[in-house]
Amino acid sequence: MSNEEAHRLAREKGVSRPLYAVVRGIVAPLFRLWFRMRVFGAEHIPSSGAAIVAPNHKSFWDSFFIGVCTRRHVRFMAKTELIEARYGRLLVRLGAFPVRRGTSDADSLETARIILEQGGLLALFPEGTRIRDPEELGHPKRGAGRLALETGAPLVPAAITGTEKLFLGPIPKPRRVQVAFGEAIPAASLPSTPEAAGELVDERLWPEVEGEYRRLRARPGAIAAGLAALGLGAGALVQQRRRAQRKRSRLPWRR
């Protein structure tokens, strides 16, 4: 599928509702059961109207995990190579549209702008590419801020963990995936300038994404520590009861 055809289809027809419903119905239970998916703050995604969800990016599957978090149809950018593949049309009808990475892609930005003007929900990764290291986040670009200022769409900061290295060959690993959303950041009252876009992303959006990411990364450790503490406490209680029973067995009237 060519880029031109993909952009035209994304702008004029967009998501196929029956296809989206079928795929979501298959994917959502798999994600929640196999990947033990946990979602926090999904109520911060606006229930209607234009909005930009801006998460960090670890995997091709990030957009699908974001899509499971809301009943709304999520639109997202996909690199040109995916759209030109045999399954490209399927991805477009599921909400994708092409982007040429490494360049300022005017067609992609225009499609994103049209989707937001139509009142759509757009997932846009400010890092611009996948950062596979689970310990690191990349440096955000200004595209999300620029679109928010041009269209008046609020930015919803989001973080996702556990999606890197999800598969061992064709087999999905039973990993825990977590997604968290922060409060929407309004942009309608700000001037549409490059300086304002940079400030919006660097000083307001990305610190929220980083904060949510750190909390998600710390959460499994806190749970493990709590379980360990419970285990230690239970072990101490068992030992205490055993000592008490031995002590009672040595009393004179127990003989």
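The values are calculated or read from the model by the stated rules, or taken from the named source; none is laboratory data. Fair warning: this is a prediction, and the values are worked out from it, not measured in the lab. Methodologically, a virtual Cβ is constructed for each residue, glycine included, from the backbone with ideal geometry; neighbour enumeration extends over all protein chains shown. Heavy atoms of the whole protein, side chains included, go into the accessibility calculation; ligands, DNA and RNA do not. Shrake-Rupley method; radii C 1.70, N 1.55, O 1.52, S 1.80 Å.
Only one entry of V15, V53 meets the criterion of being open to solvent by less than 40 Å² (accessible area, probe 1.4 Å), assigned to a loop (DSSP other than H, G, I, E, B) and among the aliphatic types (A, V, I, L, M), and that entry is V15.
Filtered by the rule that a residue be part of a loop (DSSP other than H, G, I, E, B) and touching a strand residue (DSSP E or B) at 6+ places or on another chain (Cβ under 8 Å), the stretch 116-139 gives G120, L124, F125, P126, P134. Among the residues examined, T103 does not qualify as free of Cβ contacts under 8 Å to residues at least 60 places away in the same chain and either among the aromatic types (F, W, Y) or closer than 26 Å to A180 by Cβ (or both).
Would it be correct to say that E195 is of a type outside the set (S, T, N, Q), within 23 Å of P46 (Cα to Cα) and part of a helix (DSSP H, G or I)? Taking the combined requirement at face value, the residue does not satisfy it.
Scanning the stretch 159-185 for residues that are in contact with a Gly (Cβ under 7 Å, 6 or more places away or on another chain), small (G, A, S) and in a strand (DSSP E or B) yields a single hit, A180.
For the stretch 87-117, filtering for residues that are within 21 Å of L19 (Cβ to Cβ), open to solvent by 40 Å² or more (accessible area, probe 1.4 Å), in contact with a helix residue (DSSP H, G or I) (Cβ under 8 Å, 6 or more places away or on another chain) and not hydrophobic (A, V, I, L, M, F, W, C) leaves 2.
Against the conditions (1) assigned to a helix (DSSP H, G or I); (2) open to solvent by 30 Å² or more (accessible area, probe 1.4 Å), F60 satisfies every one except (1).
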